[in-house]
Amino acid sequence: MSNIRHVGLVVADMEKALGFYRDLLGLKICGTTDEKGDYINQLLAKENIELKTIKLSAEDNATRIELLKFSNSKSNQTKKIELSDPGFTHIALTVNNLDEIYLRLRKAGIQFNCPPKSSLNGKLKITFCRDFEGNYLELTEEIL
């Protein structure tokens, strides 16, 4: 394996997702696609797929977050998980100036587990929050 290509996040509301990941966190749109038909139906083993994907990244060629919106989804509810549940539970993002981001997100109504805390070895500052749909994010600043 050469890298992790992307993380896919299915969202119920694309505009709210962009408001959080693009506007609040500062990720940049690096591509969009609209897909339907046999190709995507076969890949996802579903029928009548209509999918909009917006690719976001902090910088060119970096690992991406893909926001996925299924137009004809039967459910628009996010399944709430806990960090201790089996399976994938969160996305970790490396950020600059975690304290500033923490204050900006709190002001926007984002809930955190706790304020940023220094790791036991003093090399990181970390906190966890949930996005607007309840998905966990780990925000980490590397301390030089």
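The values are calculated or read from the model by the stated rules, or taken from the named source; none is laboratory data. From a predicted model like this one, the values you see are computed outputs, not experimental measurements. Heads up, the Cβs are rebuilt from the backbone with ideal geometry, glycines too, and the neighbour counts pull from every protein chain shown.
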Of 98, 51, 83, the only residue that is touching a residue at least 12 places away in the same chain (Cβ under 8 Å) and in the same structural domain as residue 19 (by TED's automatic domain parsing) is 51
Being out of contact with any helix residue (DSSP H, G or I) (no Cβ under 8 Å at 6 or more places or on another chain), surrounded by 12 or more Cβ atoms within 10 Å (Cβ to Cβ), modelled with pLDDT under 95 and farther than 12 Å from residue 70 by Cβ narrows 19, 26, 31, 37 down to just 26
If you go through 23, 13, 34, 38, the only one that is more than 18 Å from the chain's Cα centre (by Cα) and under 23 Å from residue 133 (Cα atoms) is 34
- Can we say residue 31 is in a helix (DSSP H, G or I), of a type outside the set (A, V, I, L, M, F, W, C) and either in the same structural domain as residue 57 (by TED's automatic domain parsing) or in contact with a Pro (Cβ under 8 Å, 6 or more places away or on another chain) (or both)? no
